[in-house]
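**Q** Let me give you the structure first, and then I'll get to my questions.
The values are calculated or read from the model by the stated rules, or taken from the named source; none is laboratory data. Quick caveat, the model's predicted, so the values are computed rather than measured. Cβ atoms come from the backbone with ideal geometry, glycine included; neighbour counts cover every protein chain shown.
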Amino acid sequence: MPNDKTASKHSRQLLFSEAIAQPKVMTAQTASQGHTSLPVDQPALDATDRILQEVASVGRRLEAMDLKITDLTLASSSIRADIAGFRETANNRDQRLSAVEDHIATTPDQEEELKSLRAKLTELEDRSRRDNVCFFGIPEQKEGSDIKTFLSSLLTNHFGIEFSPPSEFQRVHRIGPSHKASAIKPRPIIACFLRHEQARQVISTAKARQPISLDGHEIRVAADFSRLTNDRRREFLALRPQLRSLDIKYGLFEPAHMGLNVVLRKSNHCSTVPRESSLHASTCEVGH
């Protein structure tokens, strides 16, 4: 049976070649059976383990660094947004500061304009009051029920004024509420004359004939001015003792101007500001 022999031989050759090709695995059983094992490099294995551990540690640190970088990126974005907001705020403040500086630069001009407007307003108010005359010291209820008739009689009998044509008033009344009136300090009477010349005549006559009395009460007469003009006139009047002590002739002109006549060097000075008059009076040497 030549075929069977050939097949058996072929099978044995195949098994032999597979046995040679398979790696030999060293086990404890084979070692006990007399087989020799390969030597193991333990330091190298330990070093390898350490390297692997270090690599793993480096990996973990890299992951942590990635997280930190992500956090820093977010924080950086927030900081950029804050900086942008600060820049916008700073720009707005610069604009407001520039506007304030411009306003401050124009303030002197505005102050001068305001001063001029205030002076014009005061002048207009004084002009609107130029026909008014104020009477002080007339007892309460003395005028009775017809205050215009009472005032006309007062001007004729106590001031000695005979108007031609007869005096005419636009308005006559007391100033202030009645509950504040008293016998010691009666409310003043203000009369608005129809003719300006009559108002001026009453003031000049009262100045020339003073003192004028009514039932034992002294009557004083004054022109009617705005509050600002009255305040300025009072300041000028406060300078009279100083001017008299320096033997300086002075005059208070309407509405609120003080004229000084200094004999030495024949110098004249007219001021609308009390402080300037005071300074001028205190620095002048008066001669005779």
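**Q** Need pairs with beta-carbon distance below 6 Å; first residue touching a residue at least 60 places away in the same chain (Cβ under 8 Å) and within region 205-234, second part of a helix (DSSP H, G or I) and polar (S, T, N, Q); sequence gap 6+ or separate chains.
**A** What qualifies is Ser226/Thr122; Leu228/Thr122.
**Q** Inside region 165-187, can you point out the residues that are outside any loop (DSSP other than H, G, I, E, B), within 18 Å of Asp224 (Cβ to Cβ) and either in contact (Cβ under 8 Å) with a residue 40 or more places away in the chain or of a type in the set (S, T, N, Q) (or both)?
**A** Gln170
**Q** Related question: Looking for whichever is at pLDDT 75 or above and under 39 Å from the mean Cα position of the chain (by Cα) here; the options are Ala199, Ala223, Ala238, Ala256. Which one fits?
**A** Details: Ala199 fails: under 39 Å from the mean Cα position of the chain (by Cα); Ala223 fails: under 39 Å from the mean Cα position of the chain (by Cα); Ala256 fails: at pLDDT 75 or above.
From the options Ala199, Ala223, Ala238, Ala256, the qualifying one is Ala238.
**Q** Which of the residues that make up region 140-190 are of a type in the set (Phe, Trp, Tyr) and over 51 Å from the mean Cα position of the chain (by Cα)?
**A** Here is the first cut: in region 140-190, the residues of a type in the set (Phe, Trp, Tyr) are 150, 159, 163, 169.
If the condition is that a residue be of a type in the set (Phe, Trp, Tyr) and over 51 Å from the mean Cα position of the chain (by Cα), then Phe150, Phe159, Phe163 are the ones that fit.
**Q** With (1) under 30 Å from Ser213 (Cβ atoms); (2) outside any loop (DSSP other than H, G, I, E, B); (3) at pLDDT below 95 as the list, and Cys134 as the residue in question, which single condition is left unmet?
**A** So Cys134 meets the others, but not (3).
**Q** Glu88: under 17 Å from the mean Cα position of the chain (by Cα) and surrounded by 10 or more Cβ atoms within 10 Å (Cβ to Cβ), yes or no? Quick ask: steps written out before the conclusion?
**A** Numbers: under 17 Å from the mean Cα position of the chain (by Cα): no; surrounded by 10 or more Cβ atoms within 10 Å (Cβ to Cβ): yes.
Answer is no for this residue.
**Q** Let me ask you something else. Taking the condition part of a loop (DSSP other than H, G, I, E, B), under 42 Å from the mean Cα position of the chain (by Cα) and either of a type outside the set (A, V, I, L, M) or surrounded by fewer than 16 Cβ atoms within 10 Å (Cβ to Cβ) (or both), does Arg232 pass?
**A** For Arg232, the condition - part of a loop (DSSP other than H, G, I, E, B), under 42 Å from the mean Cα position of the chain (by Cα) and either of a type outside the set (A, V, I, L, M) or surrounded by fewer than 16 Cβ atoms within 10 Å (Cβ to Cβ) (or both) - is not met.
**Q** Among the numbered criteria (1) surrounded by 10 or more Cβ atoms within 10 Å (Cβ to Cβ); (2) assigned to a loop (DSSP other than H, G, I, E, B), which single criterion is violated by Glu162?
**A** So Glu162 meets the others, but not (1).
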